[in-house]
Structures are given as C-alpha cells and as structure tokens.
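Novice: Below is a structure I'd like to ask you about.
What follows draws every value from the coordinates through simple rules; no lab data is involved. Only a predicted model underlies this, so the values are computations on that prediction, with no experimental measurement involved. Note that we place each Cβ from the backbone using ideal geometry, even for glycine, and neighbour counts take in every protein chain shown.
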Ligand SMILES: Nc1ncnc2c1ncn2[C@@H]1O[C@H](COP(=O)(O)OP(=O)(O)O)[C@@H](O)[C@H]1O
Ligand SMILES: [Mg+2]
C-alpha cells in the first residue's frame, strides 16, 4: 500500500474536532479523488499525510503510513519518503516556489540535495522533463524568478520539481484551480501521460466532478471533516448514495439545490451525520451516525440507501 490512514483525528487547539476519525487506503498506482467543499478538511488531510500540520491544530488520534513508514512521527525514514517517494503539488504554485530563488536553482536543488546529480547546471534528465512539459530551455528563461513567468509556467515548474525524483505517489491539492480552463486540460493530459509511463498513483483533491471522472478510479467525499461516501468513482458519480454527493452533482449540473446554507462551523456539529442540518431526508437512523464501517476499499454509503 502507498498510503494507509487509520482513525485519523485532528482537532483545533481548543478541542474542536476538525477532521475524522478517518480511514483511507491507497494501493500503488491507484488514483483516488478527494471531493469536498471549502472547509471540509481536505488540506488538513494533506498536511497530516506529510506530517506537517499547521500550528493551532493537533492530531489527537490514529496514524498515517506512507510506504510502510509512519508520517505522523518524525524519523529519518520519513524524511526520505517525503523527498523521494511522495510529492506534493499545491493549489497555488507560489506556495512551493521561493520568489527570491531563480528557476534554475529550484530545478537543481532537490536532485543535488539527494546527490542524484552533482552538477550545478540543470541536468540532462531535468532538461528532458522541461521539454516534455513545454517549458523553454534557454538560459535566459531559467535565470528568471518565479514571479517573472506565467501562472501556467509556474505550475509546470512545480510539476517538474515534483517529478524530478521519480515519486510513486503524488498528492495534488486542487492543482488546476489557479489555471485557465484551456491550461487545465493540458495539465490533466500531461499528468495522465506521466502516470501511464511511470505507474504513478495519486490522491487528487478537487471539487470539479469532471476532474474526478477523468482522473480517478475511486473517490471519497468529505463533508465537515468526515468521509460521507467513498467507492469506485464512476458509480459514485452516476448514482450517488449520500444526499450530499447528490447535491454536489446537482450543483454541478446547474440545477437548483434543495438545500441552502453553509457548512456548519465545526463546534456546532451534531453528533449525527455531518450533513444532517442541511439534509432533506433526515431520519432517526442518521443519529448516531457511523462515518465508516467495514473495509474502506469496499466503500461506504449513506445509512439511508
Ligand atoms: N491552522 C489552523 N488552525 C485552526 N483551524 C484550522 C487551521 N487550519 C484549518 N483549520 C480549520 O479546519 C477546517 C478544515 O480546513 P481545511 O483543511 O483547510 O479545509 P479545505 O482544504 O477542505 O478547504 C476549517 O474549519 C478550518 O477553519
Ligand atoms: Mg484547501
């Protein structure tokens, strides 16, 4: 397994629950999409996978393992996993680029740190990668700073950095939301090409259901810090089991939603299903609500279906 998460629970410093308990399995080469609206806990999950939770929140239960190494405990093995087998593509490429560092130094730093390429210049392998990504190879371009290139080019530079160490698992946090629609499509094609060549797996965070359909074998829907539904992507999109997933799909097709309101603040959450305050199908069975039962790979459905 590339990634195994069990009973992961994250709380705010004052004890307010933000995420979980959450289980997740990702096999080598598998494509999993994580879907959920803003504030549902997607970024916290990514940060927990890398063992990089921000200040103000704590892991209060469970564990995270990537390639059989615990990621929520600092060890030398974890550092190796982070730099070589896992790679992160952030929503905003500037989060991964230092505005004061030239592109050529971004592109050589990691391979040099790992002693894969002792040369100070951009190595041949990286040049191939840049060419493939449609980035200019001329020295004048490589001497530029991140703010001197376009947003699409920045995202490609981040992708080149991420792919330079041959990772096995990519964690993509809404990687196309900062790109124009035409560039989004190119980005998806590029990634799918690399995946087929290298047998990459990924955890792809998105709220775009078309991206889920195109880029995922399985999907997990997160609401209020809980997985409300998970399973093979196509049936989940075509016949959603949970009322929240149905609502997402209706919103996607531009139909009026039957519910109104926003995701409840985490400290006002009911003990039942997190979607309860907005759900049109509420019954007694929704409280208490068990977010996950049985084998995670078999998926979960709403109690009502
Ligand atoms: N550093 C933090 N301190 C306190 N609360 C946080 C912190 N980071 C995230 N949260 C809260 O955790 C919840 C989930 O946040 P996040 O994972 O960023 O959501 P998403 O990425 O799905 O939009 C939100 O309610 C957010 O306000
Ligand atoms: Mg986020």
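Novice: Evaluate the range 152-165: report whether one residue or more is free of Cβ contacts under 8 Å to residues at least 40 places away in the same chain and surrounded by fewer than 21 Cβ atoms within 10 Å (Cβ to Cβ).
Specialist: The answer is yes; a qualifying residue exists.
Novice: Tell me which residues, restricted to the range 1-24, are farther than 16 Å from residue 71 by Cβ and not in a strand (DSSP E or B).
Specialist: 13, 14, 15, 16
Novice: Now, a different point. Being assigned to a loop (DSSP other than H, G, I, E, B) and farther than 16 Å from residue 210 by Cα is the filter; apply it to the range 155-177 and report the residue that is nearest to ligand 1 (Cβ to nearest atom).
Specialist: Selected residue: 167.
Novice: Kindly check whether there is at least one residue in the range 85-95 that is touching a helix residue (DSSP H, G or I) at 6+ places or on another chain (Cβ under 6 Å), buried (at least 19 other Cβ atoms within 10 Å of the Cβ) and not in a helix (DSSP H, G or I).
Specialist: yes
Novice: Looking at residue 202 and the list (1) away from ligand 2 (no atom under 16 Å from the Cβ); (2) within 10 Å of residue 35 (Cα to Cα); (3) crowded, with 24+ Cβ neighbours inside 10 Å, which single condition is not satisfied?
Specialist: Against the list (1) away from ligand 2 (no atom under 16 Å from the Cβ); (2) within 10 Å of residue 35 (Cα to Cα); (3) crowded, with 24+ Cβ neighbours inside 10 Å, residue 202 comes up short only on (2).
Novice: Of the residues that sit in the range 25-58 and are part of a strand (DSSP E or B) and surrounded by fewer than 19 Cβ atoms within 10 Å (Cβ to Cβ), which one is farthest from ligand 1 (Cβ to nearest atom)?
Specialist: Among them, the one singled out is 25.
Novice: If I filter the range 174-190 for residues that are in contact with a strand residue (DSSP E or B) (Cβ under 9 Å, 6 or more places away or on another chain), more than 16 Å from ligand 2 (Cβ to nearest atom) and under 25 Å from residue 8 (Cβ atoms), do I get at least one hit?
Specialist: The answer is no; no qualifying residue exists.
Novice: Of all the residues that make up the range 187-208, how many are in contact (Cβ under 8 Å) with a residue 24 or more places away in the chain and more than 16 Å from ligand 1 (Cβ to nearest atom)?
Specialist: 11
Novice: Identify the single condition in (1) within 13 Å of ligand 2 (Cβ to nearest atom); (2) in contact (Cβ under 8 Å) with a residue 60 or more places away in the chain that residue 47 does not satisfy, given that it satisfies every other one.
Specialist: Unmet condition: (2).
Novice: Given (1) more than 16 Å from ligand 1 (Cβ to nearest atom); (2) within 23 Å of residue 237 (Cα to Cα); (3) part of a strand (DSSP E or B), where does residue 65 come up short, assuming only one miss?
Specialist: (2)
Novice: Of the residues 17, 90, 21, which is within 16 Å of ligand 1 (Cβ to nearest atom) and closer than 22 Å to residue 198 by Cα?
Specialist: Going through 17, 90, 21 in turn, the sole match is 90.
Novice: Hey, another quick one. Go through (1) buried (at least 18 other Cβ atoms within 10 Å of the Cβ); (2) not in a helix (DSSP H, G or I) for residue 100 and report which single condition fails.
Specialist: Residue 100 satisfies every listed condition except (1).
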